1. Among the residues of the stretch A:549-572, what is the count of those that are under 18 Å from A:Thr677 (Cβ atoms) and modelled with pLDDT of 90 or more?
2. Between residues in the stretch A:655-671 that are at the interface with chain C (Cβ under 7 Å from one of its Cβ atoms) and touching a residue at least 40 places away in the same chain (Cβ under 8 Å) and residues that are surrounded by 22 or more Cβ atoms within 10 Å (Cβ to Cβ) and among the hydroxyl-bearing types (Ser, Thr, Tyr), which pairs lie under 8 Å by C-beta distance while being six or more apart or on different chains?
3. Quick check: anything in the stretch A:333-346 modelled with pLDDT of 50 or more and among the hydroxyl-bearing types (Ser, Thr, Tyr)?
4. Anything in the stretch C:26-63 that is of a type in the set (A, V, I, L, M), within 14 Å of chain A (Cβ to nearest Cβ) and either free of Cβ contacts under 8 Å to residues at least 24 places away in the same chain or not in a loop (DSSP other than H, G, I, E, B) (or both)? List them, or say none.
5. Which residue, of A:Gly542, A:Gly548, A:Gly566, is at positive phi, more than 14 Å from chain C (Cβ to nearest Cβ) and either in contact with a strand residue (DSSP E or B) (Cβ under 6 Å, 6 or more places away or on another chain) or in a loop (DSSP other than H, G, I, E, B) (or both)?
6. Can you name every residue in the stretch B:70-84 that is more than 7 Å from chain A (Cβ to nearest Cβ) and within 13 Å of the chain's Cα centre (by Cα)?
7. I want to confirm something. Restricting to the stretch B:6-22 and keeping residues that are in contact with a helix residue (DSSP H, G or I) (Cβ under 8 Å, 6 or more places away or on another chain) and more than 8 Å from chain A (Cβ to nearest Cβ), which single residue is nearest to B:Phe107 (Cα to Cα)?
8. Just a yes or no: is a residue in the stretch A:512-525 surrounded by fewer than 23 Cβ atoms within 10 Å (Cβ to Cβ) and at pLDDT 85 or above?
Amino acid sequence: MEDLQQFKQTYFEESGEFLGVAETGLLRLTPGNADMEEINAIFRAVHSIKGGGGAFGFSDLVAFAHEFETVMDGVRNGTIAITDELVDTLIRSNDVLGQLLAHARDGTRPPAGFAGQIVASLKNFAASAIQEDADVEELYAPSPAVTAAATGGATAADGRRTYSVRFRPKADLLLTGNDPTFMLRALKALGDAEIECDIGGLPTLAHLEPELIYLQWLVTVTTAKNTSDIQDIFEFVSDESLVEIAEHSAESPASAASKAEAKPPAAAAASKAGAAPPAVYATEAAASATAAKPTAGRSSAQSEGGHANLGNHTIRVDLDKIDRLVNMVGEMVITQAMVAEHVRDLPQGEFQELLEGLEQLAQHTRELRESVMSIRAQPVGSVFSRMPRLVRELATATGKDVSLVTSGENTEVDKTVVENLVDPLTHMIRNSIDHGLESPDTREATGKPRTGTVHLSAAHRSGRIVIEVADDGKGIDRPRVMQKAVEKGLVQAGATLSDEEIDNLIFLPGFSTADKISNISGRGVGMDVVRRNITSLGGRIGVYSTPGQGSRFILSLPLTLAVLDGMVISVGAERFVLPLTNIIESLRPKIADLHGLVNKCDVMMARGEYIRLVYLHALFGIPGAITDATKGLVVLVETEDGGRLGLVVDEVLGQQQVVIKSLESNYRRLDGVAAATILGDGRVALILDVAGLQEMSQHGGSASSVAQRQVTAASPQPHVM
Amino acid sequence: MKKKVMTVDDSRTMREMVSFTLKGAGYDVVEANDGQHALNVLTANKVDLVIADLNMPIMDGLTLIRKLRATAQYRTTPILMLTTEADDKKKAEGRSAGATGWIVKPFDPAKLISVVQKVCG
Amino acid sequence: MSKSASLATVGSIRGDVVATANSNEEQYVTFTVGNEEYGVNILSVREIRGWTPESRLPNLPDYVRGVINLRGIIIPIFDLRARFGGGITEVTKRHVVVVVQVGERTRGILVDAISDILAISQDQIKPPPTMESGLVESQYLSGLFTAENRMVTLLDVARLFAIETGDDEHQSGAAD
């Protein structure tokens, strides 16, 4: 058994998938909707979890899975009726199964009496099953043809006994794939054996059916093994073929072997001269290989399921291996950029072939990276499939009727992005159901269907994935949002904001529109956290609302978290990368555009508004930088909260796709820094965190903001390689 | 020449365990996810033994066995079915579909090897 | 370049360490900073490389020189001279970085030059001086060793930068 331990990981991974399949199926299971294939899939999922669990000896798990499976079997057979209560029990059973899997994985045991209630209701359901005919079992009880005539004979001196075995195969035994030669060989392997073949049943050649067996055998075997070992050889054939085993009385092994005439009574007919069985069999086998198959034409093997070949073209690869590959390709991109940079210094007009080769190399490198990245791509469906459960729970908790519609489940995105989508989507759907949808009565009163709809969709758009959560609820209550915002000091009283600006106030930290904190949305997490999580992944989120008709939350994310489109800038001798998603534009201000404020903070007039300037050299303490904004450049950036900053830098060096590297794996996180990357010359450049820079500048440096930033460090970090 | 065995199971864990065990015993092993997949692979490659789970999506084990028995290639090839303990009814169904024998889940590696040897040497 | 020669030596000595593992002796790589000689357990040394320009990190103590690219991973470089209050090292091409492994983490220590590889048995190591000797940083030292009239200060690399890297205390000593 020890050898199989290595499959535990596969087992747990796969069981996780099975749980998902079962859950999806169970959530669709309603009294009026019993899709047999779906029910069967649930049964299979539970059955497979149980089967694997048995192989690893997870007894608690197997015991529970068995109860679960029994009920599912009843559902499958139609002996247990599908009721709401049953579905609830099954869904909870699936949860329990998941918990037991976790215990098995962690090597812990569930507490005593764990899930006792669920087990009890499973047992109740099982007991309620309409009893099927019980005699089915009896029909297939072990065949009486197996007779083990232990004649109470004494054991030979060396502990060996002699048995006579008569074997008369069912004529069409070969058609079940059983082969008498293997059985005869196995008998021989037990000890000393004498094999006689009775060819008396052979018809004339003209009447011989090549696939039928006309022979029978008598084997005298002297062995230390016992009757059950001999029976075991005929395990698969004894119910239809004649197998007689008789033990001889005490004799010396040597004499038993030589006594061909010492036959048991039942073997009377078996004493004709023996042709060598293997030879006869070989002829049969050859004949059978060429025999016409009368039944072959009836069923066309290829006729069904054209899609089933899929599995043939996929392989499973350890994620670590892919990560290594991604890493190496990342290195290659850097090296390629490095080479390209050096080549730029070569004299013009010479080395034409080298330059062309390098150009091709650059092209191939790009393609290679795209291919490798696509290996990690996963459909977002794996996240979407978790949402029906949530919707169901929320609908129950709020007393609202909700129907979830999903589309674009097959849209692919990097695995890390998929993983990081779960929380934001959960919050967004919570928000839609809790705040967006009205109660059924209210809906009816306003002429809407009682059931509200939440539409979850995904699509690729210009190199990003766009996910939309739309509801047909009441839309954002703008006067209420404004009032709240003013109360909370987020907006000055009397300020005029556009509808869009008001809608987006809900993303501000500390904003909550619910009159009382409900137990659904009010878990201390608001849309501000959603926005922060999304932006920490390089994404954006926005809301579009129409009063009375509903809201649409649209979030867009990069397709991968391993590379980033950035702008390389320089400050003094240092270079930094600004994520392109943060950049609005860069410009060189005139003196007239700049205004000093009391607290030494400059502002600049751009695009009709005053924008605060942040001198990167001052914030980061970089010597030798341009300190006069009119001599350097101002990069206008937008933070996640929509706040704008003007970053004063020396130069903008150019746009570049960079590979994101962790600063934390060997060092630690730093204020204002999201991660690091390696530029074409092999040097490290820090990737700036615009929101962090803004905080630093507001708090007059890093020290005061450390504690606050560390709290947010718990939010998902970009995937780094 | 090594004998080639196909394991047909929708459970990856089960396939991998069968495959590992039999490879350790000197067999070549190919895998398939379900009956239809197995049938597709089997028509292109001859194997010496098929071990099939019964309950699988797309095409179940019994259908697979019937279809294989209807082909010239697999008329007499050993086919073992994977089944659970108290499944005598299934065993009988399997037998009438043309199964050679069965392996009871969960199996231990030694038992699996001995059953495989029993039917294909 | 001299750095590759040093690297080769380190590699070959490492092999000896394994071969003589059951003896009481341990190998130390020693290096100089000004007139001082320091040593670190060879088992924590991954490689020794020539100085490559660092990228600065913002708002950190002067002994955090910055980060460099070590074959695709980004490691911090600490200036040992600055760490012990001797001011920032004016780097030249002769300066070297001792790349050490502390637990899961890799980091570089900027020193003046590699000096020696010494086999030191545990009973030859004297405990580090206590506070009154004036060495405030004595908790970062794992002991003192006298070799041919020179004193070698043995460093506890895990503790040395624990404050700056936020490493847990329990990680210290893992590399020694």
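The values are calculated or read from the model by the stated rules, or taken from the named source; none is laboratory data. As the structure is a computational prediction, the values presented were derived from the model and not from experiment. Heads up, the Cβs are rebuilt from the backbone with ideal geometry, glycines too, and the neighbour counts pull from every protein chain shown.
1. Summing the residues that are under 18 Å from A:Thr677 (Cβ atoms) and modelled with pLDDT of 90 or more in the stretch A:549-572 gives 5.
2. Between residues of the stretch A:655-671 that are at the interface with chain C (Cβ under 7 Å from one of its Cβ atoms) and touching a residue at least 40 places away in the same chain (Cβ under 8 Å) and residues that are surrounded by 22 or more Cβ atoms within 10 Å (Cβ to Cβ) and among the hydroxyl-bearing types (Ser, Thr, Tyr), the close pairs are A:Lys661/A:Thr677.
3. Among the residues of the stretch A:333-346, at least one is modelled with pLDDT of 50 or more and among the hydroxyl-bearing types (Ser, Thr, Tyr), which makes the answer yes.
4. Residue satisfying the conditions is C:Leu57 alone.
5. A:Gly548 is the lone residue from the list that is at positive phi, more than 14 Å from chain C (Cβ to nearest Cβ) and either in contact with a strand residue (DSSP E or B) (Cβ under 6 Å, 6 or more places away or on another chain) or in a loop (DSSP other than H, G, I, E, B) (or both).
6. The answer is B:Tyr74, B:Leu80, B:Met81, B:Leu82, B:Thr83.
7. B:Val18
8. no
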